[in-house]
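Take a look at the structure below.
The values are calculated or read from the model by the stated rules, or taken from the named source; none is laboratory data. A quick note: this is a predicted structure, and the numbers were derived from the prediction, not measured. No Cβ is skipped: glycine too gets one built from the backbone with ideal geometry, and neighbour counts run over all protein chains shown.
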């Protein structure tokens with residue numbers, strides 16, 4: 001196996017199956033999934049509620065592990081990694097944007113953005129410098145000292161994107177990133193994500209049921225009842 005990559009070039013799955021529960025209550029959320037995503041791609045994972053699309057994203061993002069099969073990063077079988085290595089990989093290389101904002105409402109925008117750096121024990125000065133740089137990218141520098149509770153929905157999602165960018169990630173995982181926004185505000189957030197993909201070569205993996213967002217991606221993967229029905233080839 002190749003050495004663990006700080007900046008993964010490829011993520012994917014080989015024969016991945018995910019089963020929740022046991023016996024009569026067992027539920028197969030994913031069934032023998034084979035996909036490969038290349039660095040710099042924009043990929044949409046499409047499917048109805050309960051289809052398994054979010055479960056697949058959680059596998060790729062190493063937020064959960066498969067019951068069977070392999071999730072890989074570069075040439076590395078991630079099942080061979082320690083928990084510390086997985087946490088380091090997520091922290092250094094992945095950014096996350098969810099439908100729910102997961103912000104500390106009573107803390108400032110800047111403090112919300114730099115939280116991953118604080119967890120990584122980065123010094124205060126460096127945290128502020130990187131935080132302000134991220135806020136500049138999403139055009140929210142003027143809101144740095146504003147409490148998150150006082151922001152609009154669109155501004156909150158842009159704060160989440162700034163937080164996702166704080167460690168200069170190789171991949172952004174976005175799970176229904178415009179689901180809680182009106183169409184105009186959603187378009188602004190959508191445009192920002194695709195701008196980051198194109199101008200900064202950040203791999204963008206979007207879980208969505210929105211066909212318009214999916215159409216902007218280079219590739220679409222359709223999940224139905226835990227199975228990949230089109231969008232990729234077996235590895």
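Computed values, structure above
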| quantity | calculated |
| --- | --- |
| Test: residue in the stretch 99-118 that is farther than 28 Å from residue 151 by Cα, free of Cβ contacts under 8 Å to residues at least 40 places away in the same chain and touching a helix residue (DSSP H, G or I) at 6+ places or on another chain (Cβ under 9 Å) | no |
| The lone exception for residue 102 - which of (1) under 27 Å from residue 10 (Cα atoms); (2) under 20 Å from the mean Cα position of the chain (by Cα) it fails | (1) |
| When residues of the stretch 117-136 are limited to those that are surrounded by 19 or more Cβ atoms within 10 Å (Cβ to Cβ) and within 21 Å of the chain's Cα centre (by Cα), the one farthest from residue 100 (Cα to Cα) | 130 |
| Failed item, numbered, when residue 199 is tested on (1) part of a loop (DSSP other than H, G, I, E, B); (2) under 17 Å from residue 134 (Cβ atoms) | (1) |
| From 65, 79, 36, residue being in contact with a strand residue (DSSP E or B) (Cβ under 9 Å, 6 or more places away or on another chain), assigned to a helix (DSSP H, G or I), surrounded by fewer than 20 Cβ atoms within 10 Å (Cβ to Cβ) and in contact (Cβ under 8 Å) with a residue 12 or more places away in the chain | 79 |
| Candidates 60, 30, filtered to the one that is buried (at least 16 other Cβ atoms within 10 Å of the Cβ), touching a helix residue (DSSP H, G or I) at 6+ places or on another chain (Cβ under 6 Å) and under 27 Å from residue 213 (Cα atoms) | 30 |
| Residues of the stretch 98-108 classified as in contact with a strand residue (DSSP E or B) (Cβ under 8 Å, 6 or more places away or on another chain) and surrounded by 16 or more Cβ atoms within 10 Å (Cβ to Cβ), total | 3 |
| Checklist (1) more than 28 Å from residue 192 (Cα to Cα); (2) at pLDDT 90 or above; (3) not in a strand (DSSP E or B) applied to residue 29, failing item | (3) |
| Scan of the stretch 202-218 for residues that are closer than 15 Å to residue 99 by Cα and free of Cβ contacts under 8 Å to residues at least 40 places away in the same chain, ordered by number | 210 |
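Table: residues versus (1) at pLDDT below 95; (2) surrounded by 22 or more Cβ atoms within 10 Å (Cβ to Cβ); (3) in contact with a strand residue (DSSP E or B) (Cβ under 8 Å, 6 or more places away or on another chain).
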| residue | (1), (2), (3) |
| --- | --- |
| 165 | yes, yes, yes |
| 181 | yes, no, no |
| 228 | yes, yes, yes |
| 231 | yes, no, yes |
